[in-house]
1. Which value, in debye to the nearest 20, gives the size of the charge dipole of the chain about its Cα centre, when Lys and Arg are +1 and Asp and Glu are -1 at the Cβ?
2. 7 Å from Cα along Cα→Cβ at both GLN38 and LYS20: what's the point-to-point distance in nm?
3. Run down the aspartates and glutamates and flag those whose C-alpha is under 15 Å from the C-alpha of LYS28, throwing out any fewer than 8 positions away in its chain.
4. Plugging the Kirkwood radius over Cα pairs into Stokes-Einstein for the chain, at a temperature of 37 °C and a viscosity of 0.692 mPa s, what D comes out in µm²/s?
5. Given the options VAL74, PHE61, GLN38, identify the residue whose Cα lies farthest towards the positive end of the charge dipole of the chain (+1 on Cβ of Lys, Arg; -1 on Cβ of Asp, Glu).
Amino acid sequence: MDQVEIIALGEEARIFFNSKIFIYLSEKAASEVDNAKQELVDVNAEDTKKIRELQNLVIRFDCFENWLKELILVGDATYEQYLEEGE
């Protein structure tokens with residue numbers, strides 16, 4: 001991927017991150033994470049399969065949000081580099 005594509009992708013990520021769709025999805029995911037955390041408190045300590053399933057649900061949302069933020073940062077850094085090269 002060239003600089004222009006990375007910059008554009010970062011901007012698309014920023015737009016999505018600030019969109020009503022992302023906010024809606026974040027709220028839904030946060031609700032599921034809260035439910036999973038509560039289930040973790042109540043799950044049988046010997047039910048490792050269920051514990052692993054609930055932990056993965058919690059981690060998945062954090063990863064998704066972090067990937068999106070990372071993409072925005074990479075796009076910003078690439079844009080800064082692009083500007084510096086043009087000077």
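1. Working: 9 positive and 20 negative charges, 118 e Å.
Around 560 debye, computed over the chain.
2. 2.8 nm
3. Cross-link targets: ASP62, GLU65.
4. Values: Rh = 15.1 Å.
Calculated translational D: 217 µm²/s.
5. My answer, from the dipole projection, is GLN38.
A short reminder: the numbers here are calculations on the coordinates, not readings from a lab. Worth saying up front: this structure is predicted, and the values here are computed from it rather than measured. When we count neighbours, we look across all protein chains shown, and the Cβ atoms used for this are built from the backbone with ideal geometry, even at glycine.
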